[in-house]
Amino acid sequence: MKFSLLLFALYILIKWSAKTNSKFKRYIRKSKVRILIKTANGKYARLYIFNKGKISSRAGNTNEYDVALIWKNANVGFKCMQNKEKDASFNAAANGNLIIDGMSVYAQWFENGMKLIN
Amino acid sequence: MAKIFGGHLVGKYLKENLKIDTVFTLSGGHIESILDSFSKYKIRAIDVRHEQTAAMMAHAWSIYTGTAGVCLVTAGPGFTNAVTGIANAYLDNSPLIVLSGRHPLRDNLTGALQELDQISIVKPITKWAETCHDISRIPEYLSIAFREAVSGRPGPVFLELPPDILNITVEEDEVVMPQPVYRKIVTSPIASDIEKAAEYINQAKRPLFIGGSGCGFSEAQTALTEFIDKTKIPFVLMNNGRGTLPDNHPQCINDGCFTGVMTTLPQADVIIAAGIRFNWVLESGRLFPDAKVIRIDINESEIDRNRVSEVGLIGDVAQVISKLTPLVKKHNHSEWEEKVRKAYTAFIRTELDQRSIPSFPIHPNRLVAKIQEFFGSETYYVADGGDTSYFGMCGFNSNFKSGVLGPAGSLLGCIGTGIPFAMAAKIANPDKQVVLLNGDGSFGFNGMEFDTMIRLNIPVICIINNDNAWGMIKHSQGMSIGYDNLSCTELGERHYEKMVEGLGGYGELVTKDEDIIPALQRAVDSKKPACINVLTDNSVTSPATIQFYQNLTDF
Ligand SMILES: Cc1ncc(C[n+]2csc(CCOP(=O)(O)OP(=O)(O)O)c2C)c(N)n1
Ligand SMILES: [Mg+2]
């Protein structure tokens with residue numbers, strides 16, 4: 001539950017930043033990318049759609065993504081996504097708490113974008 | 001007393017003094033006397049179908065053999081056709097010697113056949129470019145050209161030889177044949193800098209060694225083995241340095257490919273960058289703002305380029321590393337190394353799945369995995385294309401120095417280089433299997449060289465990753481102007497295998513996973529130059545395209 005709230009809050013933050021944060025606005029202005037963040041069991045999932053500066057999002061699992069960040073469970077996802085350390089997701093991947101499905105360059109793109117708004 | 005033609009002096013000096021036994025060329029009237037000298041002095045002339053190939057093969061030859069590669073082209077169009085190959089060698093810092101015909105000195109400014117100011121064209125893309133005016137100085141000019149090409153940071157040189165001096169004779173014993181000089185650069189960093197580097201390395205918790213072409217050119221195998229075995233630092237070897245230590249070395253993390261490099265670099269606390277430029281491929285060094293960077297390079301202007309280094313060690317990579325090794329402590333970085341491997345494996349999971357699971361249409365990653373499964377690591381691999389380069393560079397591994405090369409990934413980014421590189425690899429290593437993975441688009445540039453391969457018996461096995469498109473550009477356009485507006489990026493399904501068959505080689509078309517390996521077996525059994533044309537999934541692109549797209553549109 002906490003995790004779905006976090007995913008929703010992230011959507012609000014992204015959408016807000018896409019309007020107000022000039023660096024982020026610039027960063028996303030040409031990208032067409034679909035990022036799914038979910039738990040391994042698929043219980044919690046949210047898709048973030050970046051479409052040349054426009055942001056939309058929907059809750060729920062899907063296969064229609066360019067990259068999926070798959071957290072082992074909601075608990076580790078919650079903790080790690082709030083961790084601001086630069087090696088948080090690297091460590092999570094190394095510890096088996098995070099796997100990436102699809103094009104991992106988009107995951108890196110997403111992570112770099114998040115650094116601009118967090 | 002014996003008289004000798006100027007043209008014959010070229011062959012004589014190349015063979016007897018510079019010990020060059022192979023030259024890449026395409027004939028022309030202006031260079032007849034030099035061509036004749038190749039027969040006389042038993043120099044093997046590899047005569048190709050386009051001068052671009054001659055230059056690119058000589059460039060590749062320098063990488064595979066560690067000695068300067070020589071090409072000979074005729075005046076005017078022969079020269080201009082070679083320009084791309086020269087530019088490529090220039091940006092790749094390779095010792096390429098280009099001998100070129102030119103219009104007669106006698107006919108300067110008269111509108112002579114193929115009259116062109118070649119020197120002005122080639123100056124910005126060579127280390128040294130000159131015209132020889134005196135028959136008796138031909139060997140001297142050749143010796144300077146050779147020295148300039150191989151000394152310090154290597155690079156291409158250009159020597160123009162007019163017919164006025166090639167087609168006349170001189171008393172042989174009046175010509176001085178200078179001793180060729182092979183001097184290793186002896187520049188050495190000051191002791192305190194080496195000590196400082198060692199201190200950083202000894203204190204490092206998360207070190208990474210990243211080596212480039214400089215490791216290959218300096219023949220750093222022994223020095224690097226000792227350094228890595230002692231420090232146990234995980235390493236990546238890129239560009240023409242790939243394979244300086246084998247891909248299967250226990251500390252090598254090349255299997256993580258670009259993703260491995262890109263995810264590890266920002267986490268490293270100490271980066272030892274040896275003979276590698278911080279250019280766009282490494283995001284100009286922006287990826288690791290917090291790391292302590294130790295840069296080793298033969299060229300001082302690289303040391304702080306795009307990113308100031310904490311320590312700069314100027315000199316030949318092998319020499320510098322052998323000075324560093326006694327000062328570094330024995331270490332065990334296995335925990336860090338394991339972490340790195342686990343992290344990038346989690347990031348490339350999909351690519352690993354694509355390699356292991358059969359697919360229809362065939363996924364390019366799967367194609368590469370099947371090729372690797374069949375040919376193994378005792379093979380020279382070359383990958384050429386846009387997305388195709390990425391798939392090949394990531395999926396192939398070899399135990400050989402320069403065993404996996406992606407020449408289109410060098411700074412000129414020149415596709416079409418695969419066929420020349422693979423041909424040079426095969427001539428340099430006739431007993432080894434040479435396998436080329438070629439994009440269908442890139443194949444077109446030098447595909448006619450299958451004639452050369454057949455004529456001269458150079459049995460390269462070329463596998464076309466055929467997505468019916470200039471894939472990298474098609475998918476970039478898809479991301480920018482949209483797939484409905486693709487412009488000049490689609491090629492259609494072409495039967496390149498039939499073209500090769502028509503020329504006398506072996507050809508086969510493959511569309512199904514289970515047919516890949518049997519087709520490769522038949523290609524090997526044929527003992528001929530072979531083209532296996534594999535239709536692959538044209539909806540897929542590679543991370544390289546996304547990086548390329550982002551780089552070009554971020555304005
Ligand atoms: C000589 C040259 N011409 C054009 C380009 C631009 N370019 C880069 S990748 C590419 C497409 C390559 O297509 P292909 O060889 O079929 O490989 P694919 O991307 O489809 O795998 C092109 C045209 C280039 N890099 N070099
Ligand atoms: Mg293609």
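The values are calculated or read from the model by the stated rules, or taken from the named source; none is laboratory data. Not measured: the values here are computed from a predicted model. FYI the Cβ positions are ideal-geometry reconstructions off the backbone, even for glycines, and counts take in every protein chain you see. Protein only, heavy atoms only, side chains kept; ligands, DNA and RNA dropped before computing areas. Shrake-Rupley method; radii C 1.70, N 1.55, O 1.52, S 1.80 Å.
Computed from the Kirkwood radius of its Cα pairs, the Stokes-Einstein diffusion coefficient for the protein assembly as shown at 25 °C and 0.890 mPa s stands at 92 µm²/s. For B:Asp36 and B:Ser136, FRET efficiency with R0 = 22 Å and r from the beta-carbon atoms, rounded to 0.05? The value I calculate is 0.70.
With each label modelled as a point 7 angstrom along the Cα→C-beta vector, the B:Ile357-A:Asp87 pair spans 3.2 nm. Beta bridges per DSSP, both residues in chain B: antiparallel share near 5 percent.
Here region B:296-378 has 53 percent of its accessible surface on carbon and sulfur atoms, given a 1.4 Å probe and all protein chains in place.
Shown for region B:345-367: residues covered by the partner protein chains by 10 Å² or more of accessible area relative to the chain by itself (probe radius 1.4 Å), namely B:Ala346, B:Phe347, B:Arg349, B:Thr350. Per-residue 3J(HN,Hα) values for region B:216-230, derived from phi via the Karplus relation 6.51 cos²θ - 1.76 cosθ + 1.60 with θ = phi - 60°, read x, 5, 8, 6, 8, 3, 5, 4, 5, 4, 5, 5, 5, 5, 7 Hz in sequence order (x marks Gly and Pro). The relative contact order of chain B, computed from alpha carbon pairs under 8 Å that lie at least 6 residues apart in sequence, is 12 percent.
With the cut-off at under 18 Å, measuring from each backbone N in region B:520-555 to a point 7 Å along the Cα-to-Cβ line of B:Ser284 picks out B:547-555. Per residue, the solvent-accessible area of region B:157-243 (1.4 Å probe, heavy atoms of protein chains only, all protein chains present) comes to 42 Å². Counting Lys and Arg as +1 and Asp and Glu as -1 over every other residue whose Cβ lies under 12 Å from the Cβ of A:Asn95, the net charge comes to +2. Sorting B:Lys40, B:Lys426 on solvent-accessible area from highest to lowest, probe radius 1.4 Å, gives B:Lys40, B:Lys426. Evaluated over the Cα positions of region B:39-85, the convex hull gives a direction-averaged projected area, one quarter of its surface, of 3.6 nm².
Each Lys and Arg contributes +1 and each Asp and Glu -1, all at the Cβ; summed about the Cα centre of region B:132-201, the dipole is approximately 480 debye.
Taking the DSSP beta bridges with both ends in region B:3-174, the antiparallel portion is around 15 percent. Put simply, chains A and B cover up around 2300 Å² of each other's accessible surface, both sides summed, when a 1.4 Å probe is used. When only alpha carbons of chain B are considered, Rg and Dmax amount to 24.1, 75 Å. Taking every protein chain into account, the 1.4 Å probe leaves B:Met177 with about 50 Å² of accessible area, to the nearest ten. Taking the centroid of alpha carbons for each part, region B:516-551 and region B:353-425 are 8 Å apart. With contacts taken as Cα pairs under 8 Å and at least 6 residues apart, region B:191-344 reaches a relative contact order of 32 percent. Computed over the alpha-carbon atoms, region B:3-174 gives an Rg to Rh ratio of 0.93, Rh here being the Kirkwood radius from the mean inverse distance.
Going 7 Å from the Cα of B:Asn468 in the Cα-to-Cβ direction, what parts of region B:475-503 have a backbone nitrogen less than 20 Å from that spot? The answer is B:475-479, B:482-499. Mean partner shielding of peptide B:323-335, defined as the number of other chain Cβ atoms within 10 Å of each residue Cβ, is 0. Inter-part distance, region B:190-260 to region A:84-118, computed on C-alpha centroids, equals 26 Å.
B:Ser188 contributes about 50 Å² of solvent-accessible surface, heavy atoms of the protein only, 1.4 Å probe.
Placing pseudo-labels 7 Å out from each Cα toward the beta carbon at B:Glu16 and B:Leu486 gives an inter-label distance of 5.9 nm. When the Karplus curve 6.51 cos²θ - 1.76 cosθ + 1.60 is applied with θ = phi - 60°, which whole-Hz ³J(HN,Hα) does each residue of region B:526-536 get, with x for Gly and Pro? Coupling constants for region B:526-536: 5, 6, 9, x, 9, 10, 9, 8, 10, 7, 10 Hz. A Förster radius of 60 Å, combined with the Cβ-Cβ distance separating A:Asn118 from B:Lys512, puts the computed FRET efficiency at roughly 0.80. Here r is the Cβ-Cβ distance between A:Glu64 and B:Arg44 and R0 is 60 Å; the resulting FRET efficiency, rounded to 0.05, is 0.55.
Rolling a 1.4 Å probe over the heavy atoms of the protein chains gives region A:2-117 an accessible area of 50 Å² per residue. In region B:260-279, burial by the other protein chains removes 10 Å² or more of accessible area from B:Met262, B:Thr263, B:Pro266, B:Gln267, compared with the chain on its own (1.4 Å probe, ligands and nucleic acids ignored).
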